[in-house]
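This report refers to the structure that appears directly beneath it.
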Amino acid sequence: MLLLRYTRFFYIFVYIMQQIKVSQLVLSAKKMTPFKLFTAFIFTLLNFSAQATNYYVNDASTSGDKWCSAIGDDANNGTAVGTPKLTLSDVMDDYDLGAGDIVYIDHGTYSWATIAWWNAIYENNDYGTGTGANVLTIQGAGTGANSAYCTNITCTTNDLFYFQDNSNSFDYITFDGMKLNGSSGNNVIYLGQPDYITISNNIIIATGASASGVLVFNACTNITITTNAISNTSPSGSTYGVNIQQGSVASDVLIEKNNFNCASGSEATYAIWDDQGTTNLTIQNNFIANYLQGVYRDQDRSGFYIYNNSFYCKNYCLQILGSCTSGTWKNNIMYCYGVTASDYPMYLNSTLSAFTSNYNLFYSAGSNYVKWSNTDYATMAAWNAATPGEDINSVTGNPNYTSVTTGNLKITGGPASNVGVNGLVSNDYTSSARNNPPEIGAFEIGSLPITLISFAAECKHKQLEFDWWTASEINNDFFTVERSDDAKKWETVLTIKGAGNSNKILHYNAIEEKPIEGKNYYRLKQTDYDAQYSYSTVISAFDCNWITPEIIVYPNPSEGNFTLLFSGNKDQVQAIEISDAIGSNVFSSSLYDKNIDLSEFAEGIYFIKVSLRNMALYKKLEVHK
C-alpha cells in the first residue's frame, strides 16, 4: 500500500487503540456493548479519511519558490514542503485526490506530457465532491492573469489537461495561477463532459492550427472561465480561444474578465466559438483583440447574454448564424478594423427575430455597421429604422483604446464613457465598481466628473438652443457642444465653462445662431482639468426652418396630476420617460399617454422626455404638494 495511506492508517490505528483503552474503562463502568464500540471505530475511520490534504510539486530548483523548501522528486511522497514531487501526474498516480485537496505547483519551469482524467484508460479518482471547500484545486504560484507568472508549464505532446469523463464523475476541479503552454496543433485544456470546472487566473497559450485554449466538448455544465489571459500564437487554419463544439449541448457556461489576444486576425481565428448553442451562455467583461471574429454563435438555445465586452476584431465582432432566434447583447464596444464592405461590427442571420441589442458602441473602419438578413446597414439610422427599438440608445465613434496591439482595450474617455445601461454587471474587467451610468465596454474609467441629468436642443427664433442640467460636477473644466451630419465626423460648435466642483443642480444654456440645413446630430463633450473627457448620448435636430412638434404640460406646476399634449402626429411618439432631479426614472411608457399621475412621488423638479422617430423633446415639470 502507498506511503501516505500507510501513514494515515497508522495514525488511525494508534488513535483507535487509545479509544479502545478508554472504551475498556467505559465498558467496565457503563457496560458499553461491542456494537457501540464497533460503531465508534467506523466513525473514527470515516472521520480521518475525509480530511483534506495538501500536496506539493516542484521543479529541479528552489529559486524563487513560494512554498517548497526542496527540489521536486517523484520518489518523494509529495505531502510536505520539504518532500515535493516533480510531476502532477505522479501525485495523481500515487493518491486519490478528493474534496478540499490542493496540489501546489511551485515556481519553476515544467515540461510535461498530457495530464489525463480518463476513466476508460486511467484508474484515477481525482475530483472534488461539491463547491466551496469541497473543490479539488490545482494551484500554481501566480496570482492573476496580468501578473508576472512563475508556474510555467509546457505540454510536450497532445492536450495538456485532458478530461474524458464517460462516467460523469470528474467534477468540481479548479485550475488557478499557472502559465499553460499548449503543444503545437493541440488544445491546452480539453473538457470532455466534466461539470463544475473553474479555470481562473491563468495565462493560456494555444499554438498552431486547430488549437484551442479551452475546448468544451459534449454536455459539460457549470463551466467558469474567468480572469485569464488567453492567446493564440502562430495561428493557421481554424484556431480558438474558447471553443464549445460538437456532441451534446453544454449548459451554464460563464466566460468573464478574460483578455483574449491573437497573434493575427488574418487567419480563421475566433475568440469564442459556440456551434452547439450552449444553454445559458454568458459572456461579459472581456477584452477581445486581434481575432478575425470575436463571438460566433450557432444553433438555438435559451439563455445567450453578451454584456460589457470590448472588441477589436477584423471581420466581425459578433456573428450569429444557423437556427438562432434569440439573444441579448448590451453595453458592448464593437470595433471592426476590417476595411472592406464585408467587414461588420455585427453580423446577424435572417432567423434571428427575438433578439435585444442596445446601449452598444459601433465603430467600423469599413463602410457598414450591421449585416442582417442579407442586408447591409451603413448608418445607425438605417439600422434603427429597420429594427424599431433595437440599438435606439447605441452610439458610434472611435473608443480610443489604449493599445490594440497588446490587447489593452482600456479607455480614458470618448464616446463610450458613461452612456451604458445599469443593472447588467456590478463591476468591470478589473473588478472595479461600475459607475451610474456605466461605461460601455469591459473597462470602467472611475469616478464620473459630472452627473448629467439631461441634454436637449430646441429651435427658437430660427436658432438652435441647447439646455443641459448637471446634478454634480468634479474637476469639470468646460463643456463642448459638437455637431455632425453623419454621426461619425464631429466638429466643435460651442464651448461653455464648467463649474469646477458642485454638488447641486446646475443649468447650462447655449445657442447655435446659424444651424446648418437638414438633420444634424449633436453631443455634449465634458472635459476635466486633467484633459480627460466623456460624452453624452447623441441627440438629433433639424434645421430651425423645419416646424418642430411641441409638447405642452399643464398645469405646471402641479400636484402630480398633469396633462401632456403633443402637437404632432401621435404615431411619431416612440416613448415617454420621466426622471427626477438626480436622473432616476419614475415613469416610462412606449405609447402616447395624455394623462399622467406622479402624485405618489415627492415634490420637486422632474424632466419629461418624449422620444420621436428622429428626435426627442424635453420639458421641465415642477411638482408642489
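Structural remarks
- Any hit, segment 314-334, residues being β-branched (Val, Ile, Thr), under 24 Å from the mean Cα position of the chain (by Cα), under 27 Å from Asn422 (Cβ atoms) and open to solvent by 50 Å² or more (accessible area, probe 1.4 Å): no
- Filter result (of a type in the set (Ser, Thr, Tyr) and closer than 23 Å to Leu321 by Cβ) within segment 367-411: Ser367, Tyr369, Ser373, Thr375, Tyr377, Thr387, Ser394
- The strands (runs of 3 or more DSSP E) falling completely within segment 187-285 that include 1 or more residues that are at negative phi, among the hydroxyl-bearing types (Ser, Thr, Tyr) and touching a strand residue (DSSP E or B) at 6+ places or on another chain (Cβ under 8 Å) map to 189-192, 195-200, 203-207, 212-217, 221-226, 229-233, 238-245, 251-256, 268-274, 279-284.
- Meets criteria (within 38 Å of the chain's Cα centre (by Cα), buried (at least 19 other Cβ atoms within 10 Å of the Cβ), in a loop (DSSP other than H, G, I, E, B) and not hydrophobic (A, V, I, L, M, F, W, C)) for Gly64: no
- Taken together, the residues in segment 476-497 that are assigned to a loop (DSSP other than H, G, I, E, B) and surrounded by fewer than 11 Cβ atoms within 10 Å (Cβ to Cβ) amount to 1.
- Residue within segment 348-359 that is among the β-branched types (Val, Ile, Thr), in a loop (DSSP other than H, G, I, E, B) and open to solvent by 50 Å² or more (accessible area, probe 1.4 Å) present: yes
- Residue in segment 540-563 that is most open to solvent (accessible area, probe 1.4 Å), counting only those that are part of a strand (DSSP E or B) and modelled with pLDDT under 85: Phe542
- Condition check for Asn393: without any contact (Cβ under 8 Å) to a residue 60 or more places away in the chain, of a type outside the set (Phe, Trp, Tyr) and open to solvent by 20 Å² or more (accessible area, probe 1.4 Å): no
- Test: residue in segment 595-604 that is surrounded by 13 or more Cβ atoms within 10 Å (Cβ to Cβ) and touching a His at 6+ places or on another chain (Cβ under 8 Å): yes
- Looking only at segment 449-475, residues that are in a loop (DSSP other than H, G, I, E, B) and either open to solvent by 30 Å² or more (accessible area, probe 1.4 Å) or without any contact (Cβ under 8 Å) to a residue 12 or more places away in the chain (or both) come to 2 in all.
- Of Gly423, Gly500, Gly446, all but one fail to be exposed (fewer than 15 other Cβ atoms within 10 Å of the Cβ), outside any loop (DSSP other than H, G, I, E, B) and not polar (S, T, N, Q); the exception is Gly500.
- If you filter segment 504-527 down to residues that are touching a strand residue (DSSP E or B) at 6+ places or on another chain (Cβ under 6 Å) and at pLDDT below 85, you find that the one that is farthest from Asn475 (Cα to Cα) is Lys519.
- Selection count, segment 503-526, where residues are basic (Lys, Arg) and assigned to a loop (DSSP other than H, G, I, E, B): 2
- Test result for Ala575, touching a residue at least 12 places away in the same chain (Cβ under 8 Å), open to solvent by less than 80 Å² (accessible area, probe 1.4 Å) and under 31 Å from the mean Cα position of the chain (by Cα): yes
The values are calculated or read from the model by the stated rules, or taken from the named source; none is laboratory data. Note that the structure is predicted; figures quoted are calculated from it, not measured. Virtual Cβ from ideal backbone geometry, glycine too; neighbours counted across all protein chains shown. Accessible surface areas use protein heavy atoms only, side chains included; no ligands, DNA or RNA. Shrake-Rupley method; radii C 1.70, N 1.55, O 1.52, S 1.80 Å.
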